[in-house]
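A short reminder: the numbers here are calculations on the coordinates, not readings from a lab. The model shown is predicted, which means the values in this text are computed figures rather than measured ones. Cβ coordinates were reconstructed from backbone atoms using ideal geometry, including for glycine residues, and neighbour counts include every protein chain displayed.
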Amino acid sequence: MDPAQIVNRVPEGEVPKLRLEHITYRYSIGTPFEKRALDDVSLDIRRGRVTGLIGHTGSGKSTLVQLLNGLSKPETGRVLLDGEDIWREPKEIGKIRFRVGLVMQYPEYQLFEETVRADIAFGPKNMKLSDEEIKTRVSEAAAFAGVAEELLDKSPFDLSGGQKRRVAIAGVMAMRPEVLVLDEPAAGLDPQGRHAIFTGIREYNRLTGSTVLIVSHSMEDMAQYCDDVVVMSHAKILMAGTRDQVFARAEELEAVGLDIPLITRMTLLLIRGGMPLPSGIYTLEAAEEALSVAFGLPPVPPDKEDEGKGGTRSW
Ligand code: ADP
């Protein structure tokens with residue numbers, strides 16, 4: 001296809017980890033309930049990065065992610081993994097599910113083994129790995145997902161909701177997929193639980209180099225945890241690019257009714273009020289720096305409490 005039609009196209013010479021080419025997908029075809037969930041979508045997901053997929057409910061996010069590991073098949077168009085059509089050998093589609101690991105919404109409802117350990121080991125066992133390898137994978141995945149060692153021999157049904165969610169995520173991480181796709185991994189969790197899940201996912205990306213795609217409806221989370229952002233609207237890609245590129249278009253995001261981060265909204269208000277600030281600010285640190293410059297103040301020294309922790313500064 002014409003590369004110019006790809007959204008978020010990778011730089012020349014780089015093969016995208018995943019490429020969608022002219023994907024269309026409809027539900028209930030030929031009935032009065034027919035619904036076009038994806039309409040000629042073309043998109044690159046860049047290798048080794050954490051990409052956030054955001055959009056209103058019903059914009060097509062879940063439909064899109066279910067095409068990435070062959071759980072469903074595009075009506076038209078192709079899904080390329082490392083440049084190869086995942087449906088080239090339909091009988092081999094099962095292998096794609098080990099390479100692209102999908103954590104569905106509310107995955108904790110799919111736990112069923114007697115112990116947490118057995119649940120996390122389920123995927124690696126299906127891959128017919130040795131017992132030794134399975135053991136390594138379980139400990140590694142439990143650590144990434146924040147499942148404490150002492151929970152491994154408990155029944156998953158004795159855990160809290162947040163802990164169950166982590167076990168389910170660890171179960172997919174244990175397969176060491178090249179691409180980890182998570183559909184609303186933090187849905188329903190409190191801020192601390194959200195932070196723990198996202199930090200674990202980022203750590204998994206950093207240490208394994210795998211490509212990660214996170215579906216979320218929270219712009220705050222996208223701003224904090226993703227390198228690239230893809231915005232969907234009405235079965236199409238509205239915009240996509242690096243976090244900086246997407247938030248530079250914050251006013252367009254606002255115009256389609258997406259909840260941009262509070263700090264972005266505040267800086268946009270100040271800009272409209274005449275303050276000379278750059279648009280597209282999405283972190284407190286960047287806002288603090290821009291305001292210091294605007295007021296001609298010396299740079300703000302790092303907050304003692306946060307020094308070395310990489311935490312978000314309060315002001
Ligand atoms: P999102 O994940 O962004 O909320 P979805 O991919 O779930 O969006 O849905 C896209 C559109 O497809 C919506 O209009 C939704 O109602 C419709 N849809 C999703 N799943 C089904 C289904 N199983 N049957 C019929 N329509 C569906």
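The fewest-to-most ranking of Met127, Met175, Met232 by surrounding Cβ atoms within 10 Å reads Met127, Met175, Met232. Here the chain is assigned +1 on the Cβ of each Lys and Arg and -1 on the Cβ of each Asp and Glu. Its dipole about the Cα centre then comes out at about 620 debye.
Only Cα pairs under 8 Å and 6+ residues apart enter the sum, and on that basis the relative contact order of segment 177-291 stands at 19 percent.
Residues Asp227, Asp44, Asp131, ranked from the fewest to the most other C-beta atoms within 10 Å, line up as Asp131, Asp227, Asp44. Normalised by residue count, segment 3-260 yields a Cα convex hull volume of 141 Å³ per residue. Rounded, prolate or oblate, given the Cα gyration tensor of segment 60-162, with a/c below 1.5 counting as rounded? Prolate shape, in that a/c is at least 1.5 and a/b is the bigger ratio. When you restrict to C-alpha pairs under 8 Å that are six or more residues apart and normalise by the size of the chain, the relative contact order lands at 19 percent.
Any chance you could check the Cα centroid distance between segment 246-298 and segment 11-53 for me, in angstrom? For segment 246-298 versus segment 11-53, the Cα centre distance is 30 Å. Of the chymotrypsin sites (Phe, Trp or Tyr not before Pro) in segment 1-96, the ones in a loop by DSSP (not H, G, I, E or B) with at most 12 other beta carbons within 10 Å are Phe33.
For chymotrypsin sites (Phe, Trp or Tyr not before Pro), no site in segment 155-229 is both called loop by DSSP and has at most 16 other Cβ atoms within 10 Å. Bridge orientation summary for the chain: considering DSSP beta bridges with both residues in this region, about 50 percent are antiparallel. Once C-alpha pairs closer than 8 Å and six or more residues apart are averaged by separation and normalised to the residue number of segment 1-122, the relative contact order reads 25 percent.
Annotation for segment 174-223 versus segment 86-161: alpha-carbon center distance of 16 Å. Taking other C-beta atoms within 10 angstrom as a stand-in for reagent exposure, Ser218, Ser155 fall in the order Ser155, Ser218, fewest first.
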